[in-house]
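The values are calculated or read from the model by the stated rules, or taken from the named source; none is laboratory data. Remember, predicted model here, so these are calculated numbers, not experimental data. Cβ placement follows ideal geometry from the backbone for every residue including glycine, while neighbour counts extend to all protein chains displayed.
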Amino acid sequence: MSTSEANDIQHYESNSDRVLPLNRAVREALEYEMDNDPSVFMMGEDIAVFGGVYQTATGFLDKYGEHRVRDTPISEAAFISAAGGAAMAGMKPVVELMFIDFMGVCFDPILNFISKHAYHTDGQQGLPMVIVTGAGGGYHDGSQHSQCLYASLAHVPGLKIVLPTTAYDAKGLMHSAIADPNPVVFVLHKRLIGSTWFQMIRESSTMVPEGYYQLPIGEAAVRREGSDITLVGLGETVYHALSAAESLAQEGLSAEVIDLRTLVPLDRDCVRRSVAKTGRLLVIDEDYRTCGIAGEVIASVVEHDVSMLKSTPGRVTFPDNPIPLARPLELHARPDTEKVLTAVRQQF
């Protein structure tokens, strides 16, 4: 995707002027795949009768039947392992793990089986499965339902990790994830998904073309061009970066905004090109600070060529403490536009 195509988050080249919320774009991609490939099936908690907590499978049970859209018990280790076995047998499961916080319950099959299967077979057999999960806070649901934790998964070789920021990206990346011969974790940030009970960021609803298209996994997007500082975000924090860039423009500072879109593979070259131009870097991430993606992005620049930097790079993240249930405490800890602006001004 060229810079001109990615520059404005609201205006993609498209053969359609349909504006869809992110969950409908995902559902459209899944429906196409289910229609055209009998090896694709879905399973997970509340995915069939309820249509998924994020409504990504609404109506699928009636259309495809219980053999291809399966509700599972509340036993994450069991149904994640079952999906891995189905992938080994030639199926392409799309399995919904309701919240990424529950990844701890099924981390063993992900860490020791699913992620390593291609390596263990010397590349002779892939494991084509997609794990769809929700992440992020902002809706005051406490420490066990509001985490991001994708950095923990990014630490595991063999997994690809996708985090779309717009409906357009979500559809194209879902098609790419299902086509991939190896496991992909498809993270949906709850405030972008399109469900009003998660206090939706409406800018995530974008124009989505009809029909099939893919976006390459591993390419970041330049959402706004700038010359004075590079702001790198993912998921909801892209919108904090864009909002901050608007405010900085009124102060005479030009901020370039990069949306990582995928964590693994990480598009280090896109970030480096931007920092080579701006000389400054700030990474905004809702995950925990220590051993997080923000630190990895900064290391990617510093290890490559520290002389590009005019000031010490910074990061705005969630602090290393459990996420509070109380609304004022959660909002105090989460990244937001004002925290981004404060961090930017410290570099000048």
**Message:** Checking the structure you have, find out if any residue of segment 318-329 is under 17 Å from the mean Cα position of the chain (by Cα), within 20 Å of HIS189 (Cβ to Cβ) and in a loop (DSSP other than H, G, I, E, B).
**Reply:** no
**Fill in**
When restricted to ARG268, ARG223, the only residue in contact with a His (Cβ under 8 Å, 6 or more places away or on another chain), of a type outside the set (A, V, I, L, M, F, W, C) and farther than 22 Å from VAL132 by Cβ is ARG268
**Item:** Entirely in segment 38-155, the helices (runs of 4 or more DSSP H) that have 1 or more residues that are crowded, with 23+ Cβ neighbours inside 10 Å
**Value:** 76-88, 150-154
**Request:** Inspect segment 165-175 for any residue being β-branched (Val, Ile, Thr), modelled with pLDDT of 95 or more and not in a loop (DSSP other than H, G, I, E, B) and give the result as yes or no.
**Result:** no
**Item:** Subset of segment 259-270 that is touching a residue at least 12 places away in the same chain (Cβ under 8 Å) and in a helix (DSSP H, G or I) - its residue that is surrounded by the most Cβ atoms within 10 Å (Cβ to Cβ)
**Value:** CYS270
**Asked** Of the residues that make up segment 97-120, is at least one touching a His at 6+ places or on another chain (Cβ under 8 Å) and more than 18 Å from VAL264 (Cβ to Cβ)?
**Response** yes
**Request:** Please give the number of the condition GLY252 fails out of (1) in contact (Cβ under 8 Å) with a residue 12 or more places away in the chain; (2) more than 21 Å from VAL306 (Cα to Cα).
**Result:** (1)
**Complete:** Residue hits (segment 271-307; crowded, with 22+ Cβ neighbours inside 10 Å and under 26 Å from ALA177 (Cα atoms)) are VAL271, VAL283, ILE284, ASP285, GLU286, ASP287, GLY292, ILE293, ALA294, VAL297
**Message:** Can you pull out every residue in segment 81-113 that is in contact (Cβ under 8 Å) with a residue 40 or more places away in the chain and either under 20 Å from GLU33 (Cα atoms) or outside the structural domain of ASP46 (by TED's automatic domain parsing) (or both)?
**Reply:** ALA83, GLY84, ALA86, ALA87, GLY90, MET91, LYS92, PRO93, VAL94, VAL95, GLU96, LEU97
**Message:** Within segment 228-246, does at least one residue satisfy the condition of being more than 27 Å from LYS190 (Cβ to Cβ), surrounded by fewer than 24 Cβ atoms within 10 Å (Cβ to Cβ), in contact with a Leu (Cβ under 6 Å, 6 or more places away or on another chain) and not aromatic (Phe, Trp, Tyr)?
**Reply:** yes
